[in-house]
Amino acid sequence: MASTIPDEMLGPAPTSGSHGPSVFADVVQAPEDPILGVTVAYNKDPSPVKVNLGVGAYRTEEGKPLVLNVVRRAEQMLVNDGSRVKEYLPITGLADFNKLSAKLIFGVDSPAIQEKRVTTVQCLSGTGSLRVGAEFLARHYHQRTIYIPLPTWGNHPKVFALAGLFVKTYRYYDPATRGLNFQGLLEDLSAAPSGAIVLLHACAHNPTGVDPTFEQWEQIRQLMRSKTLLPFFDSAYQGFASGNLDADAQSVRLFVEDGGELLAAQSYAKNMGLYGERVGALSIVCKTADVATKVESQLKLVIRPMYSSPPIHGASIVATILKDREMYHEWTIELKAMADRIISMRHQLFEALRAKGTPGDWTHIIKQIGMFTFTGLNTEQVAFMTKEYHIYMTSDGRISMAGLSSKTIPHLADAIHEAITCVN
Ligand SMILES: Cc1ncc(COP(=O)(O)O)c(C=O)c1O
């Protein structure tokens, strides 16, 4: 169609602007994200037997994503409520959501909440909560070194480094026992400079599935408080590990009970299945209400230029469920069912390997907790399983138990058996 705009308004005829090389010609191709890239490769594989055990997202026995019934109900209620509008939320998010999220993680009777020593801001899921917390620390905390466990979720070092923190590691996992390297952890935290920030997975450590016992948590707490190390809890799996929301928050509550300060990032991705809604919260527990108020004022200055204010829909779903007794109860039942299915997958895989006589001790499959099993398979064995069996997982040997079903377990057991016996 001919242009109706007069020539003189179009300016000079394009020269190199449209014909020359791209101004972005020097941009190099970036590698895929190590975790999300697994799904990209999986999607390209035409095999009918392919299984995706890479990404940490819950699947049903039929291998389908799950929207919780209670979430559907909450959404329906929101849609039916004609008084609801789409105005901007405040910078700190939905007030009800923030209050209820703090109670969920710290406990309904938490003295810290009653004393108004906690500030909670709604953020973009767990990642966004970590990022806002990291930005705040980089600007307002005197120590800019953060210790993260080795190994940890692959995004942790990137989130903290980008915020301007210096990232160091502490020993966490012992490949020989496939359990916690508690001695190494204590030594490394003892050697950390006073005041350093320490990232702790509240429960269901990703990728290892190995958590400290309650007694070990208590020892970690004593050591950290004696050295004034600042805890930053990442709680991405509350309720998803044991099936019990309170049990999975024990570690965090232990540190709040002593009256000390800490940060906690919460995600509703896994425990409410709200992955794509990006709902989470950052809480900072302070010594006094006055400090908490000032901290919140600075959090607003972090958030405003980053994304202005958070989205309304997901947080409204969470608030609807958390404030209604009956809906809350329904949620806990659905949550427990997800956790139980994962635990049952652990037992089935363990039994399948035992029945096949696969060499090695596989008890870690049933000892580890949460969404993932850190199998101990090496990079070559993982590559073999992907090539020969179309099983997709991260190259560190981590498998998402939530992606398995009774139907796919025999296929996985065959693949592990052959990888262990044929590939070193
Ligand atoms: C340990 C850990 N922290 C944080 C997250 C953040 O998840 P999201 O940003 O989807 O809430 C994840 C997700 O896999 C995780 O495993």
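The values are calculated or read from the model by the stated rules, or taken from the named source; none is laboratory data. Computed from a predicted model, the values in this text were never measured in an experiment. Here the Cβ positions follow ideal geometry from the backbone for every residue, glycine too, while neighbour counts run over all protein chains shown. In case anyone asks, the SASA skips ligands and DNA or RNA and just uses the protein heavy atoms, side chains included. Shrake-Rupley method; radii C 1.70, N 1.55, O 1.52, S 1.80 Å.
Residues in the stretch 355-373 that are within 16 Å of the ligand (Cβ to nearest atom) and either open to solvent by 20 Å² or more (accessible area, probe 1.4 Å) or part of a loop (DSSP other than H, G, I, E, B) (or both): Gln368, Ile369, Gly370, Met371. Looking across the stretch 195-229, the residues that are more than 11 Å from the ligand (Cβ to nearest atom), surrounded by 19 or more Cβ atoms within 10 Å (Cβ to Cβ) and more than 17 Å from Phe182 (Cβ to Cβ) come down to Ala196, Ile197. When the residues of the stretch 230-244 are filtered to those that are outside any loop (DSSP other than H, G, I, E, B) and open to solvent by 10 Å² or more (accessible area, probe 1.4 Å), the one that is farthest from the ligand (Cβ to nearest atom) is Leu230.
In the set (1) closer than 29 Å to Asp248 by Cβ; (2) free of Cβ contacts under 8 Å to residues at least 60 places away in the same chain, the condition left unmet by Ile409 is number (2). Condition check for Leu165 on (1) open to solvent by 30 Å² or more (accessible area, probe 1.4 Å); (2) in contact with a helix residue (DSSP H, G or I) (Cβ under 6 Å, 6 or more places away or on another chain); (3) not charged (D, E, K, R): one failure, at (1). Of the residues in the stretch 141-163, at least one is away from the ligand (no atom under 15 Å from the Cβ), within 28 Å of Asp290 (Cβ to Cβ) and outside any loop (DSSP other than H, G, I, E, B). Using the structure shown, decide if Ala352 is open to solvent by less than 20 Å² (accessible area, probe 1.4 Å) and either under 30 Å from Met77 (Cα atoms) or assigned to a helix (DSSP H, G or I) (or both). No: the conditions fail for Ala352. Touching a Leu at 6+ places or on another chain (Cβ under 7 Å) and open to solvent by 40 Å² or more (accessible area, probe 1.4 Å): is that true of Arg72 in this structure? So Arg72 fails the test.
Within the stretch 344-376, which residues are among the hydrophobic types (A, V, I, L, M, F, W, C) and either assigned by TED's automatic domain parsing to the domain that holds Leu180 or within 17 Å of Asn206 (Cβ to Cβ) (or both)? Once the filter is applied, which keeps residues that are among the hydrophobic types (A, V, I, L, M, F, W, C) and either assigned by TED's automatic domain parsing to the domain that holds Leu180 or within 17 Å of Asn206 (Cβ to Cβ) (or both), the stretch 344-376 yields Met345, Ile365, Ile369, Met371, Phe372, Phe374. Residues in the stretch 209-246 that are within 26 Å of Thr363 (Cα to Cα) and either free of Cβ contacts under 8 Å to residues at least 12 places away in the same chain or in the same structural domain as Met371 (by TED's automatic domain parsing) (or both): 2 in all.
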